[in-house]
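What follows is a short report on a single structure.
The values are calculated or read from the model by the stated rules, or taken from the named source; none is laboratory data. Owing to the predicted nature of the structure, the values given are computational and were not obtained by experimental measurement. Ideal geometry is used to build each Cβ from the backbone, glycine not excepted, and the neighbour counts take in all protein chains shown. Keep in mind that these areas ignore ligands, DNA and RNA; they rest on the heavy atoms of the full protein, side chains included. Shrake-Rupley method; radii C 1.70, N 1.55, O 1.52, S 1.80 Å.
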Amino acid sequence: MRKLGAETKTARYAMLIDLDRCNGCGACMVACAVENNVPPPQASATPRTGLNWLRVFRLKTGGRDAFIPVMCMQCEDETPCQSVCPQKAVEFDPVTGIVGQIPERCLGCRYCMAACPYQARVFNWRDPQWPAGMEKALNPRVSVRQRGTVEKCNFCHGRWQAALEKAAHDGEEGPVHYTPACAEACPAQAIRFGDLNDEEFAAACHEQGVFRLLDTLGTGPKVFYRTSRAEVREATRGFGEVRRG
Amino acid sequence: MVERLDEAWIARGVRRAPFGRFLLWAAPWAALLALGAYAIFLCLRGGLFHTNMDNRYVFGLWIFLDLAVIALGAGAFFTGFLLYVLKKTELKAVINSAVVIGLVCYSGAVLILAVDVGQPLRAWFTFYHPNVHSMLTEVTFCITCYLTVLLIEYVPIFLKNRRLKWKPSMLVFEYNLHKVMVVFALIGTLLSFFHQGSLGGLFGVLRGRPFAFREGFLIWPSTFFLFVLSAMAVGPSFVALTTWLAEKATRRRLVKDEVYQTLGRISGKLLLAYVFFKCLDTMLWINQTAPERGFPAHRFYEYGGAFGTWILFTEIALLGLIPALLLLKPEWRARRGLLITGAAMACLGVTLNRFVFTIQTLALPTMPFDRLLLYWPSWQEFAAFGFVVAYGMLVYSFSYRYLTLFPQERELAMTEARR
């Protein structure tokens with residue numbers, strides 16, 4: 001099946017999320033936080049100052065509510081956050097198609113957050129803290145971020161690195177296969193992770209009923225959503241619920 | 001005795017308030033400075049959770065006011081350009097004051113930026129790992145360089161202090177520096193042109209934020225040019241306004257009427273041009289840029305309240321067109337009250353424009369299931385900004401007292417005395 005990837009040795013990792021399967025349990029959020037050493041919220045943190053690389057929003061459709069997990073869309077065509085960073089702390093990796101964040105280089109100016117239409121980036125407003133003993137369970141493959149820096153989903157870069165090392169050890173060539181924590185943890189198997197150079201996966205991402213958030217902005221997001229419910233698709237069009245009164 | 005403590009430092013031929021009264025004037029500003037310093041200390045030590053900014057409102061009061069004071073501080077570069085390059089010699093009467101205002105605005109803005117970023121000690125990374133595609137890189141480079149130029153421009157003003165200028169080396173240095181000031185005026189103009197523009201570009205390039213995004217020319221969105229033009233338009237207005245305020249505070253005439261007239265006329269012409277181009281840009285944005293990106297412009301104003309269409313009307317018509325007409329019509333401009341009203345309205349208009357681009361852009365939702373969110377700054381944010389205001393007032397007050405900010409003051413005082 002694999003065609004382009006084998007030739008170019010590069011990947012275009014993407015996600016296809018089945019909204020008909022997602023029941024909003026939040027297991028993906030927990031798995032993401034554990035995998036990526038995202039500290040638990042401190043007592044005074046609010047939903048607007050907390051650290052979440054992945055958030056599950058509730059979609060009011062008029063009928064049965066739907067849930068939509070939103071993380072960094074790994075924009076491809078004109079990555080809005082990458083071009084604005086003044087000191088190259090945001091990088092687009094042409095080998096994986098993943099938009100990476102380098103916290104060690106981040107100034108904390110938050111311009112990238114203003115640039116992101118998905119509000120997928122979060123800022124460390126405080127020093128990260130873990131309850132006593134919990135720091136021993138940190139993932140050694142993922143660095144802990146400092147206060148005053150921006151962070152975001154990177155499709156579990158630590159897992160990709162591990163897969164890359166394993167592939168090198170096994171003498172394999174071409175893009176590596178791995179699964180991000182959210183996709184692995186989803187009990188409903190609503191999140192499918194793959195490579196857009198893989199014809200079968202690419203075809204699944206372009207089936208009827210598949211859409212991308214804010215597609216019209218032309219940023220080329222690589223997170224696709226699928227639903228058979230027309231009202232759910234309708235609820236994801238336009239922008240901003242207008243609350244009057 | 002205390003009243004005459006600093007007499008030897010005050011220029012001959014001008015009158016200044018007794019030293020004790022000056023200290024009384026400075027005391028509240030010093031208190032505000034101390035409160036602001038405490039708030040800044042909290043933010044630097046504990047982190048930015050002391051502010052009310054959040055993952056949505058990533059820019060708050062500080063960035064909005066930074067943009068506003070930098071626009072208003074444009075009087076420094078533009079007055080220098082008018083005086084040294086276009087030879088508007090009557091503006092020599094306010095150039096020193098304009099330089100001090102510029103210095104205060106820019107240094108204050110840089111100071112508050114250092115508090116606003118999460119990792120201020122990494123600021124030098126921008127120079128070491130510059131992303132040449134980022135407008136913020138250009139802003140950082142140009143503002144840093146221009147602040148240096150302003151400091152250099154401030155040196156001859158400082159060296160003209162009565163006590164200092166009697167030292168021959170200081171006088172020679174000041175004289176030579178003054179001779180090359182035209183070069184610094186040109187460098188300042190060039191740097192200012194780019195960073196004023198890049199501040200507009202910061203928002204115009206946000207393709208993920210259709211409310212702010214604008215098409216443009218080559219790599220520059222239209223906001224780049226609009227920010228330059230608006231800063232040039234209000235710079236002279238702000239110089240006129242501050243001069244008038246200084247006259248009211250000191251109860252003395254500091255400049256001749258022709259200076260106000262020149263500043264008002266230039267400001268009015270540029271403001272009218274700005275309003276014209278702003279209207280064109282808004283029409284283009286409403287009819288083309290926003291709809292093409294899937295965001296019909298009228299939706300941005302459907303939330304009403306703080307961000308209804310009134311804000312667009314106020315910015316362009318009420319605080320753009322009206323002050324432009326007040327400043328342009330010679331009969332109206334000749335009346336000091338109307339001229340100052342026009343100048344103040346122009347300054348408010350540009351401040352509102354910066355508010356729209358920073359705060360309204362971030363308040364508006366982009367995602368379908370998101371909604372309008374509001375933000376109110378914390379006391380630390382207000383206090384830190386108060387620090388900058390107090391710092392500005394103190395620098396300006398000390399400069400006015402001990403340096404010659406208004407060269408015509410002495411002549412005007414003598415004329416008054418003869419009467």
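To keep it simple, each residue is scored yes or no on (1) closer than 20 Å to B:Ala109 by Cβ; (2) out of contact with any Phe, Trp or Tyr (no Cβ under 7 Å at 6 or more places or on another chain); (3) in a loop (DSSP other than H, G, I, E, B).
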| residue | (1), (2), (3) |
| --- | --- |
| B:Ala26 | no, yes, no |
| B:Ala30 | no, yes, no |
| B:Asp54 | no, yes, yes |
| B:Ile63 | yes, yes, no |
| B:Asp66 | yes, yes, no |
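So which residues in region B:19-51 are within 14 Å of chain A (Cβ to nearest Cβ) and touching a Gly at 6+ places or on another chain (Cβ under 7 Å)?
Once the filter is applied, which keeps residues that are within 14 Å of chain A (Cβ to nearest Cβ) and touching a Gly at 6+ places or on another chain (Cβ under 7 Å), region B:19-51 yields B:Gly47, B:Leu48, B:Thr51.
Can you work out which of the residues in region B:68-105 that are in contact with a Leu (Cβ under 8 Å, 6 or more places away or on another chain) and of a type outside the set (A, V, I, L, M, F, W, C) is surrounded by the most Cβ atoms within 10 Å (Cβ to Cβ)?
Out of the qualifying residues, it is B:Gly102.
Going by the conditions given, is A:Ile102 more than 22 Å from A:Arg126 (Cα to Cα) and either surrounded by 22 or more Cβ atoms within 10 Å (Cβ to Cβ) or among the hydrophobic types (A, V, I, L, M, F, W, C) (or both)?
no
May I ask you to say which residue of B:Ser378, B:Ser397 is open to solvent by less than 50 Å² (accessible area, probe 1.4 Å) and closer than 30 Å to B:Phe49 by Cβ?
B:Ser378 is the lone residue from the list that is open to solvent by less than 50 Å² (accessible area, probe 1.4 Å) and closer than 30 Å to B:Phe49 by Cβ.
Within region A:141-148, is even one residue open to solvent by less than 20 Å² (accessible area, probe 1.4 Å), in contact (Cβ under 8 Å) with a residue 24 or more places away in the chain and among the small types (Gly, Ala, Ser)?
yes
I'd like the full set of residues that are part of a loop (DSSP other than H, G, I, E, B) and open to solvent by 20 Å² or more (accessible area, probe 1.4 Å), limited to region B:32-52.
So the first thing to find is which residues in region B:32-52 are part of a loop (DSSP other than H, G, I, E, B), and the list is B:47, B:51-52.
The one that is part of a loop (DSSP other than H, G, I, E, B) and open to solvent by 20 Å² or more (accessible area, probe 1.4 Å): B:Asn52.
Please verify whether region B:179-191 includes one or more residues that are touching a Cys at 6+ places or on another chain (Cβ under 8 Å), open to solvent by less than 40 Å² (accessible area, probe 1.4 Å), at pLDDT 85 or above and part of a helix (DSSP H, G or I).
Yes, because at least one residue in region B:179-191 is touching a Cys at 6+ places or on another chain (Cβ under 8 Å), open to solvent by less than 40 Å² (accessible area, probe 1.4 Å), at pLDDT 85 or above and part of a helix (DSSP H, G or I).
When you look at A:Leu164, is it surrounded by 15 or more Cβ atoms within 10 Å (Cβ to Cβ) and under 30 Å from A:Ala114 (Cβ atoms), yes or no?
So A:Leu164 does not fit the description; no.
Scanning region B:1-24 for residues that are assigned to a loop (DSSP other than H, G, I, E, B), open to solvent by 50 Å² or more (accessible area, probe 1.4 Å) and among the charged types (D, E, K, R), which turns out farthest from B:Phe387 (Cα to Cα)?
By that ranking, first place goes to B:Arg12.
Confirm whether A:Ser44 is within 14 Å of chain B (Cβ to nearest Cβ), open to solvent by 40 Å² or more (accessible area, probe 1.4 Å) and of a type in the set (Gly, Ala, Ser).
yes
Is it true that A:Thr96 is more than 11 Å from chain B (Cβ to nearest Cβ), open to solvent by less than 40 Å² (accessible area, probe 1.4 Å), among the hydroxyl-bearing types (Ser, Thr, Tyr) and more than 30 Å from B:Pro221 (Cα to Cα)? Give the derivation first.
Details: more than 11 Å from chain B (Cβ to nearest Cβ): yes; open to solvent by less than 40 Å² (accessible area, probe 1.4 Å): yes; among the hydroxyl-bearing types (Ser, Thr, Tyr): yes; more than 30 Å from B:Pro221 (Cα to Cα): yes.
Yes.
Could you give me the residue pairs with C-beta distances under 7 Å whose first residue belongs to region B:288-305 and is at the interface with chain A (Cβ under 9 Å from one of its Cβ atoms) and in contact (Cβ under 8 Å) with a residue 40 or more places away in the chain, whose second residue is of a type in the set (A, V, I, L, M) and open to solvent by 20 Å² or more (accessible area, probe 1.4 Å) wherever it lies, and which are 6+ apart or on separate chains?
Matching pairs, first to second residue: B:Tyr303/A:Val242; B:Tyr303/B:Leu372.
Could you list, in sequence order, all residues of region B:142-163 that are farther than 19 Å from B:Tyr396 by Cβ and without any contact (Cβ under 8 Å) to a residue 24 or more places away in the chain?
Scanning region B:142-163 gives a single hit, B:Thr148.
Run down B:Ala344, B:Ala384 and say which single residue is buried (at least 17 other Cβ atoms within 10 Å of the Cβ), at pLDDT 95 or above and more than 23 Å from B:Ala246 (Cβ to Cβ). Lay out the reasoning, then the answer.
On the way: B:Ala344 fails: more than 23 Å from B:Ala246 (Cβ to Cβ).
None of the other options fit; the residue is B:Ala384.
Can you name the residue in region B:400-419 that is part of a helix (DSSP H, G or I) and among the aliphatic types (A, V, I, L, M) and is also surrounded by the fewest Cβ atoms within 10 Å (Cβ to Cβ) among such residues?
Initially, region B:400-419 is screened for residues part of a helix (DSSP H, G or I), giving B:400-402, B:408-418.
Adding the requirement that they be among the aliphatic types (A, V, I, L, M) leaves B:412-414, B:417.
Working: B:Leu412: 17, B:Ala413: 16, B:Met414: 12, B:Ala417: 9.
Per the criteria, the residue is B:Ala417.
Which members of region A:51-71 meet the condition of being open to solvent by 10 Å² or more (accessible area, probe 1.4 Å) and either more than 25 Å from A:Arg126 (Cβ to Cβ) or part of a loop (DSSP other than H, G, I, E, B) (or both)?
Taking region A:51-71 first, the residues open to solvent by 10 Å² or more (accessible area, probe 1.4 Å) are A:51-53, A:55-58, A:60-65, A:67.
Matches in region A:51-71: A:Leu51, A:Asn52, A:Trp53, A:Arg58, A:Lys60, A:Thr61, A:Gly62, A:Gly63, A:Arg64, A:Asp65, A:Phe67.
Across region B:108-124, which residue is nearest to the other protein chains (Cβ to nearest Cβ) among those that are in a helix (DSSP H, G or I) and crowded, with 19+ Cβ neighbours inside 10 Å?
B:Arg122
Inspect all residues belonging to region A:24-41 and state whether any of them is within 14 Å of chain B (Cβ to nearest Cβ) and modelled with pLDDT under 90.
Yes - at least one qualifying residue is present in region A:24-41.
What tally of residues in region A:115-161 results from selecting those that are outside any loop (DSSP other than H, G, I, E, B), within 14 Å of the chain's Cα centre (by Cα) and not hydrophobic (A, V, I, L, M, F, W, C)? Spell out how you get there, then give the answer.
Keep residues of region A:115-161 that are outside any loop (DSSP other than H, G, I, E, B), which gives A:115, A:122-123, A:134-137, A:150-151, A:157-161.
In the following step, the residues that additionally are within 14 Å of the chain's Cα centre (by Cα) were identified as A:122, A:151, A:157-160.
Checking which are not hydrophobic (A, V, I, L, M, F, W, C) leaves us with A:151, A:157-159.
Total satisfying the criteria: 4.
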